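The values are calculated or read from the model by the stated rules, or taken from the named source; none is laboratory data. Remember, it's a predicted structure, so these values are computed and weren't measured experimentally. Neighbour counts run over all protein chains shown; Cβ positions are idealised from the backbone, glycine included.
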Amino acid sequence: MINFIFRGAAVLFVGGMLLNASCVQNNSPTPVTNNTVGNINTAINSNTQSAPTETQTKTTATVLTLPLLDALLADNDFVSEARRTLQATDEELDKLKNAARDAVLKLSDDPSEDHSRSTKIAIDDAKKQLQQVLGADRANRFMQLVDKYAGNQDLVNSAPNQVPTDTRVVVNAPAYRMDVFDKGKLVQSYKIGIGYPEFPLPTGLRQAKSLIFNPTWTPPDEPWVKGKVAPGKTVEAGSKLNPLGPIKIPIGLPNLIHGGKSPSRLGTFASHGCVGLTNPMIEDFAAKITGLLGEPLSVDDIKGYEKAKTETKEVKLKESIPVELRYETIVVENGTLKIYRDVYERGTNTEENLKRVLDAYGMSLDELQSDLRSQIVEGLSQMAVDATGNPVDVSQNSDTERDKDKKAAKGNSNQGDGRVTRDIKGKKVLEFKIPQLAGKGYPEPVGLKA
């Protein structure tokens, strides 16, 4: 069962705002304060990043697609804020709602249906609609408003593959990997499922502030419900039809870390914008982070909450733990250069980016032996493709020749362009041993759970 980002799907509390969002459900959790949980004291060091340098890069923001726009425009608070800060008219908002709703109705999770969608096309579609309705300036301001509601912070890295010095969670989407650091030491790694290309994980620094046990789920009133559950009728926690598993951890609009995933969906696409784990993994993760924050929840504590399946409970952390969402496709890991597939089509597998990564470790591409250098450059080209194996061209518009060919072959521009991309065709990563980098780079996985 998959979670959806659309109207009528899920409701998330974000800074006092109720929002229908991906991987989230209609919930009214009861805060827990007892001797077992108590006030969870944090051992987090300061998460303030160093001031930007010339070599630093900023990645920011919620990735806006039309389905996310549909969810935002279903929230009265967000709409009111858009009217106030952007002077958006009812006519303009209606145009955006209609465009977003049309996009939602075309989407399906049915693996038997064809597709011709991608991250870039989904983003371009939303950008085009915003600019057509609001103009370039207000479209940019609209995105700033989205970031405000997402609780997203700019992520400033002083170097590629930066190793944290504090206590935090690091998620690198192209590597399908989540790591837990304790005061700069990697203590646990998890293999994860990530958002479909049409629902990409954002980048930036988020905060986890609570654990929600036994979350319920409200299915959307959309075509893909297909009779298994009734649209708008709450699916109780513990139900096999509830896609969220026993625990969800909000990390800012509209994203969660949650359970409920099959092991087969780890290491691939698994959600509409969330970090997906199996049920045992989310339990382990909850125990791990609460332990690092000073007052751990034991396995027995967690199982105790889960036994009361009809009681949704929120365990608030006394202080939040940073959750850093990255998109790094070129990673040095203890002497091995790894090049991951550019599944979200961000154009990161380039020689320029490779040189930047190598420079961070005090070496240049020219220092490599010619055969190895040629293999790596060829590897960049091989991995500069999207999930379906098509070359990534960040300069192209959404209506590319490739998309025109697909539409022409179908005979109808509205057919087949609405199924989410569920799987990856071809290799996900290439690896190259570089002796000069032995002992350097981002740490290898620790206790990898998959």
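Quick rundown of the values:
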read-out	value
Residue list for segment 426-450, filter: of a type outside the set (Ser, Thr, Tyr), closer than 24 Å to residue 374 by Cα and assigned to a loop (DSSP other than H, G, I, E, B)	426, 427, 428, 434, 438, 439, 440
Qualifying residue in segment 411-423 (condition: modelled with pLDDT under 90, charged (D, E, K, R) and in contact with an Asp or Glu (Cβ under 6 Å, 6 or more places away or on another chain))	yes
Within segment 296-325, considering residues that are β-branched (Val, Ile, Thr) and either crowded, with 19+ Cβ neighbours inside 10 Å or not assigned by TED's automatic domain parsing to the domain that holds residue 252 (or both), the one nearest to residue 281 (Cα to Cα)	302
Residue satisfying all of: in segment 140-162; among the small types (Gly, Ala, Ser) and either buried (at least 19 other Cβ atoms within 10 Å of the Cβ) or at positive phi (or both); modelled with the highest pLDDT among these	150
Selection count, segment 285-322, where residues are of a type in the set (S, T, N, Q) and either under 24 Å from residue 191 (Cα atoms) or part of a helix (DSSP H, G or I) (or both)	3
Single unsatisfied condition, residue 401 versus (1) of a type outside the set (A, V, I, L, M, F, W, C); (2) farther than 30 Å from residue 180 by Cβ; (3) at pLDDT 95 or above	(3)
Selection from segment 270-303 of residues that are over 30 Å from residue 341 (Cα atoms) and touching a residue at least 60 places away in the same chain (Cβ under 8 Å)	290, 292, 293, 294, 295, 297, 301, 302
Close pairs from segment 242-269: first without any contact (Cβ under 8 Å) to a residue 24 or more places away in the chain, partner of a type outside the set (Lys, Arg) and part of a loop (DSSP other than H, G, I, E, B), Cβ under 9 Å, at least 6 apart	262/278
